[in-house]
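All remarks here apply to the structure that follows.
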Amino acid sequence: MPGIIVTLILIYILWRLIVGSSPKVSDEVHEELVQDPVCGLYFPKSEALLVKRGGQEVHFCSDKCKNLFLIEEKKKDKIF
C-alpha cells in the first residue's frame, strides 16, 4: 500500500513538471473597475449605475448606494 502512494505522488510530481505549475495567461480582456463612493466596493464599470454631478461621473454598485449618496448631496446643498 505505501508503495502505491509513493508511486502516485511521483507520477503527480512528474506530471506537474511536464505540464507546468504556473497558471495559464488568459486572453480575456480585463474590464476597468470603479469604486462606489458610498460603500467602497470595486466593481466593473459596465455594471455601474451612473450619476453626473458637477461635470463628473459618479459610479454606484446599487440603487441603495446611489440613493444614499443623493440624499447626502441634497443635505449638503441645503447647508450651503
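Within the bounds of region 24-32, is there any residue that is within 16 Å of the chain's Cα centre (by Cα) and at pLDDT 85 or above? Before the answer, list the steps.
Here is the first cut: in region 24-32, the residues within 16 Å of the chain's Cα centre (by Cα) are 28-32.
Those still in the list that are at pLDDT 85 or above too: 31-32.
Yes - at least one qualifying residue is present in region 24-32.
From the list Gly54, Gly40, Gly20, which one is of a type outside the set (A, V, I, L, M, F, W, C) and modelled with pLDDT of 95 or more? Break it down into steps so the answer makes sense when it comes.
Details: Gly54 fails: modelled with pLDDT of 95 or more; Gly20 fails: modelled with pLDDT of 95 or more.
The unique qualifying residue is Gly40.
The values are calculated or read from the model by the stated rules, or taken from the named source; none is laboratory data. Since the model is a prediction, treat every value here as computed from it, not as a measurement.
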